[in-house]
1. Write out, first by first residue and then by second, each pair whose Cβ atoms fall under 9 Å of each other, whose residues are 6+ apart or on separate chains, and whose first residue, in the range 101-121, is without any contact (Cβ under 8 Å) to a residue 24 or more places away in the chain and acidic (Asp, Glu) while the second is assigned to a loop (DSSP other than H, G, I, E, B) and more than 9 Å from the ligand (Cβ to nearest atom).
2. Within the range 64-76, can you find the residues that are part of a loop (DSSP other than H, G, I, E, B), open to solvent by 20 Å² or more (accessible area, probe 1.4 Å) and within 9 Å of the ligand (Cβ to nearest atom)?
3. Taking the range 187-231 as the search range and keeping residues that are of a type in the set (Lys, Arg) and under 16 Å from Val167 (Cα atoms), which one is least open to solvent (accessible area, probe 1.4 Å)?
4. Do you know which residues across the range 30-53 are in contact with a strand residue (DSSP E or B) (Cβ under 9 Å, 6 or more places away or on another chain) and within 16 Å of the ligand (Cβ to nearest atom)?
5. Return yes when Thr81 is more than 30 Å from Asp198 (Cβ to Cβ), open to solvent by 30 Å² or more (accessible area, probe 1.4 Å), within 13 Å of the ligand (Cβ to nearest atom) and part of a helix (DSSP H, G or I) and no when it is not.
6. Quick one: what pairs do we get from the range 27-38, first residue touching a residue at least 60 places away in the same chain (Cβ under 8 Å) and closer than 20 Å to Gly63 by Cβ, second near the ligand (Cβ under 7 Å from one of its atoms) and of a type in the set (Asp, Glu), C-beta under 9 Å, 6+ apart or different chains?
7. Collect the residues in the range 169-186 that are open to solvent by 30 Å² or more (accessible area, probe 1.4 Å) and either over 14 Å from Leu232 (Cβ atoms) or modelled with pLDDT under 95 (or both), keeping them in residue-number order.
8. When you check Asp84 against the structure, is it more than 30 Å from Glu16 (Cα to Cα), touching a helix residue (DSSP H, G or I) at 6+ places or on another chain (Cβ under 8 Å) and of a type in the set (D, E, K, R), yes or no?
Amino acid sequence: MPGVPADGTPPAPSAERPLRVAVVGAGPAGIYAAEALARQDAVPVAVDLIDRLPTPFGLVRHGIAPDHPKMRAIRDTLHRTLEDPLIRFVGNVDVGRDITLDELRTHVDAVVYTYGASLDRHLGIDGEDLPGSLAATDLVAWYTGHPDADRARVEAALADIRSVVVVGVGNVALDVARVLARTPEELEPTDMPQHVLDVLGATGVEEITVLGRRGPAQATFTTQELRELDGLERATVLVDPADLELDPAA
Ligand SMILES: Cc1cc2nc3c(=O)[nH]c(=O)nc-3n(C[C@H](O)[C@H](O)[C@H](O)COP(=O)(O)OP(=O)(O)OC[C@H]3O[C@@H](n4cnc5c(N)ncnc54)[C@H](O)[C@@H]3O)c2cc1C
């Protein structure tokens, strides 16, 4: 522990020597944790908010769909927390690669882990890794401008496509379907990178199938997201009426 005297007794935290806490991961969980630590007045705390990326906000920046500016506006709230003088954002530090946990612990009194879930889940089916088959994380990382996005792979998959199957019936599935169905004019006001706008503007997608293993009663997307599909400029939403006949179990 830093500043521990020879007899091993840590000094009581004070305004001059606050408790130093490292929060690993500057997504919303990390920023809210930092805020809670800085706001309480039981013990003086200074927070180092560490992220492997050069920018904060995690999946608020690299997950929430760019055509949902209201959702992304939560960044303004999170930004205010980062202006607190007790909170320091330390970007470009990958804990576990650039600094070990043991090293980090020698510099701080406590570590809070809020590093999210960065890997996609595999279906474990044949052909899953063939060209043209992408995990939503790959596509979303690309269209939100994540520095780790595999541009070549995603752009090769999107070249000359006419029909797309989106596997899954949650909000991320509808984000993906909606982004692929939008016109260049609808996407233009978003903060998507220009190379993404260029590629999406050039795709000739004519048919998008959102594929679920069970019926609409089990779908996990929210009504608001579903309803939004109906407002797309060049898309017509087709629903098989037979799918809406629910059995007593549904
Ligand atoms: C495609 C998609 C769309 C979404 N849309 C919505 C939506 O519309 N509305 C909504 O409310 N929620 C949405 N979510 C969910 C929301 O984004 C997450 O619930 C939220 O971001 C989780 O916050 P978090 O802080 O736990 O993790 P994250 O936001 O993932 O933040 C974790 C941070 O930790 C960092 N990190 C990871 N490993 C390390 C390391 N070793 N060292 C340092 N830093 C590290 C990462 O770079 C990242 O910045 C969406 C998620 C996805 C994937």
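1. Matching pairs, first to second residue: Asp120/Ala135.
2. Ile64, His68
3. Per the criteria, the residue is Arg214.
4. Residues satisfying the conditions are Gly30, Ile31, Ala33, Ala34, Glu35, Leu37, Val47, Asp48, Leu49, Ile50, Asp51, Arg52.
5. On the way: more than 30 Å from Asp198 (Cβ to Cβ): yes; open to solvent by 30 Å² or more (accessible area, probe 1.4 Å): no; within 13 Å of the ligand (Cβ to nearest atom): yes; part of a helix (DSSP H, G or I): yes.
No: the conditions fail for Thr81.
6. Gly27/Asp51; Gly30/Asp51
7. Val169, Asn171, Val172
8. It is false that Asp84 is more than 30 Å from Glu16 (Cα to Cα), touching a helix residue (DSSP H, G or I) at 6+ places or on another chain (Cβ under 8 Å) and of a type in the set (D, E, K, R).
The values are calculated or read from the model by the stated rules, or taken from the named source; none is laboratory data. Just so it is clear, the model here is predicted, and its values are computed rather than measured. Backbone-built Cβ (ideal geometry, glycine too); neighbour counts: all protein chains shown. In case anyone asks, the SASA skips ligands and DNA or RNA and just uses the protein heavy atoms, side chains included. Shrake-Rupley method; radii C 1.70, N 1.55, O 1.52, S 1.80 Å.
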